[in-house]
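Below is one structure, written out as structure tokens, with a few remarks after it.
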Amino acid sequence: MTNIGSYDERLEAFCWSIAEEELDYSDAETKNIGWYCSDRICRMGKSGKPALIWEGHDGTMKQYTFNDVRLASNTIGNFLKNLGLKNEDRVCLFMDKIPELYFSFLGVLKIGAIVQPLFSAFGDESLHVRLANAETKAIITQRKHVGKVRRILDQSPYLKHIIIVDYDGKHPLREREIVFNLEESIPVEEFDIFPVNTESPSVLHYTSGTTGQPKGVKHVHYSLISQYLTTKWVLDLQDDDRYWCTADPGWVTGTSYGIIGPWSLGVTQCVLDKGFSAENWYQFIEKYNISVWYSAPTAIRSLMKAGDEIVKKYNLSSLRHLASVGEPLNAEAVIWSEKVYGLPFLDTYWQTETGSIMISNFPGMPIRPGSMGKPFPGIVGTIVNTKSFEPLEIPGDIGLIAFKPGWPAMMRNYWNNEETYQSKFKNGWYIPGDRARLDSDGYFWFVGRDDDVINTAGHLVSPFEVESALLETEQVAESAVVSKPDEINMEVVKAFVTLKPGFTPSPDTELKIMNYIRKKLSPLAMPQEIEFVKSLPKTRSGKIMRRLLHAQEWGEEIGDTSTLEDED
Ligand code: WT7
């Protein structure tokens, strides 16, 4: 029996109060997500149940019960409070997927502060713009990443505390640095959890747009309602499950469904802090008897490439439910997974801004491989015309995905950017910025993004950020960044550049530029190819025509080029 039972019956009888009742929301002593994910579960008699089963890259294994999570998050919260941090201060988490990352997430929430998780592979520039935008007061990090923080310190006057969780005493601490060692700290049994209300800010995730700096997506504690119920009904988590969300908590999947969802349900989750390989992943599933697996299309395509034979070497019989998110999931991948694992990957669609799953293939519902599925009960979704924002006929043409605002996990703002936030709403709809179509049975089919943002391996990269970074190199005069097709990652970053006088195109120049971007921004933003050109196509007003280069890479019709400068 699945948690959702019948999708159609749920649709008819739906109200978000279902989640509120299950969570005893109105009577709860606090609405704090930190409390919901640890203290409440202990109080329900599960304090000895494993909450986190963790394996590191060197094979170290650690296991923590819900009571351990409660104590660890209390202890971290207490440490932060003693530093003078308080509610609504921004505290950044800049760590690999180590246990401290998960506990700190709840610890920051427990003092009422806003948790700002950032992907630890980010370079100094990526880190800097996000901390500067949020005026982040403290960052919790590891020795291996502290160098990046030190390099931006002069430009970061608001950053008061750099907390290192694995200090080894070998090198002296520098200005503003302080050590926190979880294992050596006295566990804090009783902690005064900050009494947030439903609209108190909780999580701040940064996401990239086509233009401008990345935007801070502000969520509130009430998001729990959506995250709890979607985890229960879409991911179908049940009490005896062993759940594995492969996403890093630097991204929203890793927090909404890699912390809040499973732990608010009191479900055991497993985390692997190790690079991807088919062997590593299958071994992990076998060793820990993973039953529910939430992953992403790039990983699934990589597993497909690793082949069917390797699957047979492992006992994967514990698996019972698979889901995917982040980028288009090809029909072939769904069919393949059904063939080799005996289970299809169910596609889910949502965004950093939506905070929780919006459209998905539900357990027990007939799936259509290649389709994202149907809206979650309580979510009103449709396809609207790209200009009038009026709903299109069903079945109909390609248009923009649109949702009626007002579900619990919806972002409440972009940090200090009300204007861009408002621009996401048209004609009473929230417009995520994706094109899709609806079939006659109400299934959504993804078509593409409605902007120039590149989705590489499920991660959004702003062409603007990469272009700006390219201009900082000593070699590049002008740049245009687009996506190009890739078998595994769907899209990868490609840069077209003109060089400054004195520089010549060569593999060495290409490598130098690539490395610069990797260090400054991140490995994801690094162009996989740099094409050296004599000039870039521009409009009469001098704007680089990315659209043209994009069409060229994808072998598409170029369309209207009448504004091209060359045609003047
Ligand atoms: C964008 C959001 C929240 C998930 C992690 C990514 C694309 C997401 C799908 C899907 C096709 C998808 C959209 C969306 N996307 N899921 N199932 N099929 N595209 O969160 O970084 O905010 O990216 O990812 O373009 O707008 P994000």
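Which one of the conditions (1) open to solvent by 50 Å² or more (accessible area, probe 1.4 Å); (2) in the same structural domain as Phe122 (by TED's automatic domain parsing); (3) within 16 Å of the ligand (Cβ to nearest atom) does Tyr430 fail to meet, given that it meets all the rest?
(1)
Considering Lys512, Lys494, which residue is open to solvent by less than 40 Å² (accessible area, probe 1.4 Å), more than 13 Å from the ligand (Cβ to nearest atom), basic (Lys, Arg) and more than 26 Å from Leu131 (Cβ to Cβ)? Don't jump to the end; show me each part of the working.
Details: Lys512 fails: open to solvent by less than 40 Å² (accessible area, probe 1.4 Å).
Unique residue meeting the criteria: Lys494.
Of the residues in the stretch 336-362, how many are open to solvent by 10 Å² or more (accessible area, probe 1.4 Å) and either more than 9 Å from the ligand (Cβ to nearest atom) or free of Cβ contacts under 8 Å to residues at least 24 places away in the same chain (or both)?
The qualifying residues number 9.
Can you confirm whether Asn78 is more than 22 Å from the chain's Cα centre (by Cα) and surrounded by 21 or more Cβ atoms within 10 Å (Cβ to Cβ)?
Numbers: more than 22 Å from the chain's Cα centre (by Cα): yes; surrounded by 21 or more Cβ atoms within 10 Å (Cβ to Cβ): no.
It is false that Asn78 is more than 22 Å from the chain's Cα centre (by Cα) and surrounded by 21 or more Cβ atoms within 10 Å (Cβ to Cβ).
When both residues are 6+ apart or on different chains and their Cβ atoms are under 6 Å apart, which pairs have a first residue that lies in the stretch 20-37 and is in contact (Cβ under 8 Å) with a residue 40 or more places away in the chain, and a second that is among the basic types (Lys, Arg)?
Gly34/Lys110
Can you find a residue that is crowded, with 23+ Cβ neighbours inside 10 Å, within 16 Å of the ligand (Cβ to nearest atom), of a type outside the set (Lys, Arg) and touching a residue at least 12 places away in the same chain (Cβ under 8 Å) anywhere in the stretch 265-274?
No, that holds for no residue.
For Ser208, work out the one condition from (1) open to solvent by 30 Å² or more (accessible area, probe 1.4 Å); (2) in contact with a Ser or Thr (Cβ under 6 Å, 6 or more places away or on another chain); (3) of a type in the set (Gly, Ala, Ser) it doesn't fulfil.
Of the numbered conditions (1) open to solvent by 30 Å² or more (accessible area, probe 1.4 Å); (2) in contact with a Ser or Thr (Cβ under 6 Å, 6 or more places away or on another chain); (3) of a type in the set (Gly, Ala, Ser), the odd one out for Ser208 is (1).
Return the total of residues in the stretch 223-249 being in contact (Cβ under 8 Å) with a residue 60 or more places away in the chain, surrounded by 24 or more Cβ atoms within 10 Å (Cβ to Cβ) and within 16 Å of the ligand (Cβ to nearest atom).
7
Quick test for you: out of Lys520, Lys484, Lys494, Lys534, pick the one residue that is charged (D, E, K, R), free of Cβ contacts under 8 Å to residues at least 40 places away in the same chain and on the phi < 0 side of the Ramachandran plot. Talk me through it step by step, then tell me what you get.
Details: Lys520 fails: free of Cβ contacts under 8 Å to residues at least 40 places away in the same chain; Lys484 fails: free of Cβ contacts under 8 Å to residues at least 40 places away in the same chain; Lys494 fails: free of Cβ contacts under 8 Å to residues at least 40 places away in the same chain.
Residue meeting the stated conditions: Lys534.
In the stretch 446-467, is there at least one residue being away from the ligand (no atom under 16 Å from the Cβ), free of Cβ contacts under 8 Å to residues at least 12 places away in the same chain and either surrounded by 19 or more Cβ atoms within 10 Å (Cβ to Cβ) or not hydrophobic (A, V, I, L, M, F, W, C) (or both)?
The answer is no, given that none of the residues of the stretch 446-467 is away from the ligand (no atom under 16 Å from the Cβ), free of Cβ contacts under 8 Å to residues at least 12 places away in the same chain and either surrounded by 19 or more Cβ atoms within 10 Å (Cβ to Cβ) or not hydrophobic (A, V, I, L, M, F, W, C) (or both).
So which of Leu204, Leu153 is within 16 Å of the ligand (Cβ to nearest atom), of a type outside the set (Lys, Arg) and at pLDDT 95 or above? Before you say what the answer is, go through the steps one by one.
Details: Leu153 fails: within 16 Å of the ligand (Cβ to nearest atom).
Just a single option satisfies the conditions, and that option is Leu204.
Within the stretch 320-335, how many residues are away from the ligand (no atom under 16 Å from the Cβ) and either open to solvent by less than 20 Å² (accessible area, probe 1.4 Å) or in contact with a His (Cβ under 8 Å, 6 or more places away or on another chain) (or both)? If you could, list the steps in order and put the result at the bottom.
Pass one, the stretch 320-335, residues away from the ligand (no atom under 16 Å from the Cβ): 320-321, 335.
So of that shortlist, the ones also either open to solvent by less than 20 Å² (accessible area, probe 1.4 Å) or in contact with a His (Cβ under 8 Å, 6 or more places away or on another chain) (or both) come out as 321.
Number satisfying all stated conditions: 1.
Counting only residues that are small (Gly, Ala, Ser) and in contact with a Gly (Cβ under 8 Å, 6 or more places away or on another chain), which one in the stretch 192-231 is farthest from Glu88 (Cα to Cα)?
Taking the stretch 192-231 and keeping what is small (Gly, Ala, Ser), we get 200, 202, 208-209, 212, 216, 223, 226.
Now drop any that are not in contact with a Gly (Cβ under 8 Å, 6 or more places away or on another chain), which leaves 200, 223, 226.
On the way: Ser200: 8, Ser223: 16, Ser226: 22 Å.
Residue satisfying both the conditions and the ranking: Ser226.
In the stretch 21-40, what residues are of a type in the set (A, V, I, L, M) and part of a loop (DSSP other than H, G, I, E, B)?
Kept after step one, since they are of a type in the set (A, V, I, L, M), are these residues of the stretch 21-40: 23, 28, 33.
Those that are of a type in the set (A, V, I, L, M) and part of a loop (DSSP other than H, G, I, E, B): Leu23, Ala28.
Of the residues that make up the stretch 87-108, is at least one surrounded by fewer than 24 Cβ atoms within 10 Å (Cβ to Cβ) and β-branched (Val, Ile, Thr)?
Within the stretch 87-108 (the criterion being surrounded by fewer than 24 Cβ atoms within 10 Å (Cβ to Cβ) and β-branched (Val, Ile, Thr)), the answer is yes, since at least one residue qualifies.
Out of (1) in contact with a helix residue (DSSP H, G or I) (Cβ under 6 Å, 6 or more places away or on another chain); (2) part of a loop (DSSP other than H, G, I, E, B); (3) surrounded by fewer than 20 Cβ atoms within 10 Å (Cβ to Cβ); (4) aromatic (Phe, Trp, Tyr), what's the single condition that is false for Phe389?
Single failed check for Phe389: (1).
Looking for whichever is closer than 24 Å to Glu190 by Cα, in a helix (DSSP H, G or I) and either open to solvent by 20 Å² or more (accessible area, probe 1.4 Å) or in contact with a Pro (Cβ under 7 Å, 6 or more places away or on another chain) (or both) here; the options are Arg43, Arg10. Which one fits?
Numbers: Arg10 fails: closer than 24 Å to Glu190 by Cα.
Exactly one residue qualifies, and that residue is Arg43.
The values are calculated or read from the model by the stated rules, or taken from the named source; none is laboratory data. Owing to the predicted nature of the structure, the values given are computational and were not obtained by experimental measurement. Neighbour counts run over all protein chains shown; Cβ positions are idealised from the backbone, glycine included. Side chains are part of the model used for accessible areas, which takes the heavy atoms of the whole protein and leaves out ligands, DNA and RNA. Shrake-Rupley method; radii C 1.70, N 1.55, O 1.52, S 1.80 Å.
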